[in-house]
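In what follows, a structure is listed as structure tokens, so that the remarks can point back to it.
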Amino acid sequence: QVQLVESGGGLVQAGGSLRLSCAASGRTFNIYAMGWFRQAPGKERDFVAAISWSDGRIYYADSVKGRFTISRDNAKNTVLLQMNSLKPEDTAVYYCAAALTSRFLTTIRGYDYWGQGTQVTVSS
């Protein structure tokens, strides 16, 4: 089992920045990649970004490219999501997830463990 705990959400004005953190514990040696997803009210959970634990390969959704940066600290089993130039449409609950294989890393089906989520609200 892998446990994931997110932190760093909050309220920010449009154009501002937030940094989300996700700490993994448990059987972390099984993790292949970690990712971030988000879900706005009444909408589906969407992929945001992912990073491979071994080679650092990175994936981004088109909607966040150039504004969000995902990074990892393997020693601390932590993944970060730096979010800059935030827009009201970025408002959502952000979820951290861990994948045990390299398949489908930009989709929900690729992930085996999920955090509880952290709210990000961007005011206009």
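Points worth noting:
- Computing FRET efficiency as 1/(1 + (r/R0)^6) for Y32 and R67, where r is the C-beta to C-beta distance and R0 is 35 Å, gives about 0.85.
- Simple label model, 7 Å out from Cα along Cβ direction - S124 to A14, nm: 0.6
- Extension gain from S7 to K43, taking 0.36 nm per residue of separation minus the Cα-Cα distance: 10.7 nm
- Whole-percent P(r), the chain, all Cα pairs, 10 Å bins from 0: 14, 51, 29, 6, 0.
- Residues listed by number, the range 19-57, amide nitrogen under 12 Å from Q82 label point at 7 Å toward C-beta: 19-20
- Aspartates and glutamates whose Cα lies under 15 Å from that of K65, excluding same-chain neighbours fewer than 8 positions away: D46, E89, D90
Where a number appears in this text, it was derived from the coordinates with a stated rule and is not lab data. Everything numeric here is computed off the predicted structure, so don't read it as measured data. Cβ: placed from backbone, ideal geometry, glycine included. Neighbour counts: every protein chain shown.
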